[in-house]
Amino acid sequence: MNDSASATQSFESQMGGPSHEVIALATAYARTEAAGIRVADLGCGDGRNSFLLAGVGCSVTSIDNSAQSIGRLRQLAAVHSLPIEAQLCDVRDLRLHGQYDSILAHGIVHFLEQSAATQLISEIKQATKPGGYNVYTVVPFQNLDDIPSDMQAAGYKGSLASNDVMSHYRDWEIISAELYRKWDWHPGVGIHDHPIEKTMFRRPKEGSRGLIRATEISLARSQVSPLSWTPPLISSTIAKSKDQVLAIAGEPDLAIPYYAAGPQFSFRGFAQSGYLLELMFYGNVVVYVANGIVSGISVYATNAYRFDIASQATGPRGTPLMPENAEGA
């Protein structure tokens, strides 16, 4: 066993594999010669998105307030010789230096007071290059009584409602905006559910159409599955195999694959031979299958988006979003 495989043999990922929109972004960067591209990953956690982006050649600044997470990410970056600068920092004190091609803020803004969240969003926008992307994942509980105990213990503020982040980006291109409720699993927490608002924005750049193309998918009641996705059924389906889901629910209305080659974070661990994330749509219900295992299920309140690579991103480097013979690990 080589050093990189040994370092991740007992690894337990806190958040699973990289997000599908980040897989698309990384693939686009890989096809445009990623060397010189700068990305900031705020609230990086263990580094599932940072690891992917650095693996295609981006220089990544990864920031989190967890000393354990930053320490683990530094170790992984060293073992895999990745260009990741992992910083231990509270985003309330964050000052980004220079400009970035993309800035990610996954699961962090809703832990801030409203004034601090507004200040951080302003900092993110100012630090983004023309033509660059900002990607947010926010948990916008409308009823504070619904907040899970683990999120309360982590300091959830409830200062943001749906569309609050979007209100700061009226002067940018809105690439995608989704709202859904997701059931998933985390170590030490188990299965829980919460609302998610996921948005992607692009700072305008004259004469440029961007690297990512987002196609809106109209979601209606499933035409192929009569299954009623109740919360108990959803919870019991997580961690089942893809074949078991197909046996329960039948073929989906639509399936969208996203693939990241090489070693990657994955559901409940680390995949040495690539990460295949499949989004299986049953009407407005989306089943996430990570390397053949259900990692989560969402019920959408809005339409969804499919992320593809724009023609400007085609080139000799990188891997497609779905290779001909993708194998899970």
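Every number in this text was worked out from the coordinates using simple rules, so none of it is lab data. Worth saying up front: this structure is predicted, and the values here are computed from it rather than measured. Glycine gets a Cβ as well: all are built from the backbone with ideal geometry, and neighbour counts include every protein chain shown.
Strands (runs of 3 or more DSSP E) fully within the stretch 82-164 that include at least 2 residues being among the aliphatic types (A, V, I, L, M), within 20 Å of the chain's Cα centre (by Cα) and within 18 Å of TYR180 (Cα to Cα): 128-138. Each residue in the stretch 50-81 was checked for being outside any loop (DSSP other than H, G, I, E, B) and surrounded by fewer than 17 Cβ atoms within 10 Å (Cβ to Cβ), and 6 of them qualify. LEU254 meets each of the listed conditions (1) closer than 17 Å to SER176 by Cβ; (2) touching a helix residue (DSSP H, G or I) at 6+ places or on another chain (Cβ under 6 Å) apart from (2). Selection within the stretch 38-49: residues that are under 17 Å from GLY132 (Cβ atoms) and under 16 Å from the mean Cα position of the chain (by Cα). The member of this set that is surrounded by the most Cβ atoms within 10 Å (Cβ to Cβ) is ASP41. What do you reckon, is GLN87 of a type outside the set (Gly, Ala, Ser) and in contact (Cβ under 8 Å) with a residue 40 or more places away in the chain? So GLN87 does not fit the description; no.
When ILE248, ILE238 are screened for being crowded, with 18+ Cβ neighbours inside 10 Å and farther than 30 Å from ILE103 by Cβ, only ILE238 passes.
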